[in-house]
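This report concerns only the one structure given below.
The values are calculated or read from the model by the stated rules, or taken from the named source; none is laboratory data. These figures come from a predicted structure and were not determined experimentally. Quick reminder, even Gly has a Cβ in these numbers, built from the backbone with ideal geometry, and neighbours come from all protein chains shown. Quick note on the areas: whole protein, heavy atoms, side chains included, nothing else; ligands and nucleic acids left out. Shrake-Rupley method; radii C 1.70, N 1.55, O 1.52, S 1.80 Å.
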Amino acid sequence: MVAVRSVWPPSPGGRGDGPALSDVDLERIYGYPPACPGPFVQVNFVASADGAVAVDDLSAGLSNPADKRVFLLARDLADVILVGAGTAGAEGYRGARTNPVRAARRERLGRSPVPPVAVVTRSGALDPAAPLFTDTRVPPIVLTTARADTAVLTRAGAEVLICGEDDVDLKRALALLSERGLRRIDCEGGPRLFASLAAAGLVDQLCLTVAPILAGGGARRIAAGPAVVPPQGLELASVLVEDSAVLLRYRRYPG
């Protein structure tokens, strides 16, 4: 198993040279607030050291063992996985997977056996033959608009939630998920969805893995969309390291 160590808060051994963190340690660090009466949105991204969000248009070129470990843990801790339609298509999304260890964790935490994937799409133009619909244990949720033609998605088994007339009202979308008990929300991107959530003041936590890679200036950055006005302050909650990768976790600044 990959050795992830804590830099801050300091581990017993000091700055990054303490004992490797166990799954229980990581679960404590990345766990959602004990009381979660409404939606709590955690956004997960991996970026290169110079800020690129992808290599050859895919995030896999940036990922590393520690990032993958935390990525899967984030899914286990969440009630629902939130993703933009562009990212779902580009990354070939399918239904969430599990194994006996991860299933036991979700059962212990009172989560459903497998979290659904919720896709944000203004147009509703999703392929019903894609793995998101055909290779999943639980039906996906489609968060879309009144103008979208969703009949084919409903026939493919999706639960369709109308969250606005011409554009997806993200606050409404999160409220509808929360009403269904899906309050712990793990957002996996992409950049447009992240930017829109941030601009609407809906991001509670950002988990950012910085990969020790220089990708150059051609790639997109983790946010692409409206500005956050005024900029929102964040509070550093933890810094973990694995080899040369750095895993940062920021929380919305209190108050």
Self-check item: Single condition VAL241 does not satisfy, out of (1) within 21 Å of ASP23 (Cα to Cα); (2) open to solvent by less than 30 Å² (accessible area, probe 1.4 Å)
Solution: (2)
Practice problem: Can you give me the number of residues within the stretch 93-141 that are in contact with a strand residue (DSSP E or B) (Cβ under 9 Å, 6 or more places away or on another chain) and farther than 21 Å from TYR32 by Cβ? | Solution: 13
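For the stretch 41-57, which positions are in a loop (DSSP other than H, G, I, E, B) and open to solvent by less than 20 Å² (accessible area, probe 1.4 Å)?
Across the stretch 41-57, the qualifying residues are ALA52, VAL53, ALA54.
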Quiz item: Residue check: is THR145 of a type in the set (S, T, N, Q) and over 30 Å from TYR250 (Cα atoms)?
Solution: yes
Self-check item: Residue list for the stretch 151-167, restricted to those being in a loop (DSSP other than H, G, I, E, B) and within 19 Å of PRO139 (Cβ to Cβ)
Solution: ALA156, GLY157, ALA158, CYS163
Quiz prompt | Unique residue being under 30 Å from ALA224 (Cβ atoms), loosely packed, with under 14 Cβ neighbours inside 10 Å and free of Cβ contacts under 8 Å to residues at least 40 places away in the same chain when the list is GLY38, GLY31, GLY110, GLY92 | solution = GLY92
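One line per residue, one yes/no per condition, for (1) surrounded by fewer than 15 Cβ atoms within 10 Å (Cβ to Cβ); (2) within 27 Å of ARG5 (Cα to Cα):
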position: ARG192; (1), (2): no, no
position: LEU197; (1), (2): no, no
position: PRO212; (1), (2): yes, yes
position: LEU236; (1), (2): yes, yes
position: ALA245; (1), (2): no, yes
Quiz item: Among the residues of the stretch 182-200, which ones are at pLDDT 95 or above, assigned to a loop (DSSP other than H, G, I, E, B) and of a type outside the set (A, V, I, L, M, F, W, C)?
Solution: ARG183, GLU188
Quiz prompt | Elements of type helices (runs of 4 or more DSSP H) contained in the stretch 65-110, each with 3 or more residues being more than 26 Å from LEU176 (Cβ to Cβ) | solution = 65-77, 100-108
Practice problem: Test ARG69 against the stated conditions and say whether it is of a type in the set (D, E, K, R), open to solvent by 20 Å² or more (accessible area, probe 1.4 Å) and touching an Asp or Glu at 6+ places or on another chain (Cβ under 7 Å). | Solution: no
Exercise. Restrict the check to the stretch 216-237 and report whether at least one residue is farther than 20 Å from ILE81 by Cα, in contact with a Lys or Arg (Cβ under 6 Å, 6 or more places away or on another chain) and not in a loop (DSSP other than H, G, I, E, B).
Key: yes
Practice problem: Considering (1) of a type in the set (Lys, Arg); (2) open to solvent by 30 Å² or more (accessible area, probe 1.4 Å); (3) in contact (Cβ under 8 Å) with a residue 24 or more places away in the chain; (4) touching a strand residue (DSSP E or B) at 6+ places or on another chain (Cβ under 9 Å), say which one ARG220 fails and leave the rest. | Solution: (4)
Quiz item: Only one residue in VAL203, VAL168 is within 24 Å of LEU247 (Cα to Cα) and surrounded by 19 or more Cβ atoms within 10 Å (Cβ to Cβ). Which one?
Solution: VAL203
Self-check item: The lone exception for VAL152 - which of (1) touching a residue at least 24 places away in the same chain (Cβ under 8 Å); (2) over 22 Å from the mean Cα position of the chain (by Cα); (3) open to solvent by less than 50 Å² (accessible area, probe 1.4 Å) it fails
Solution: (3)
Practice problem: Scan the stretch 123-149 residue by residue and report those that are open to solvent by 50 Å² or more (accessible area, probe 1.4 Å), touching a helix residue (DSSP H, G or I) at 6+ places or on another chain (Cβ under 9 Å) and either outside any loop (DSSP other than H, G, I, E, B) or of a type in the set (A, V, I, L, M) (or both). | Solution: ALA125
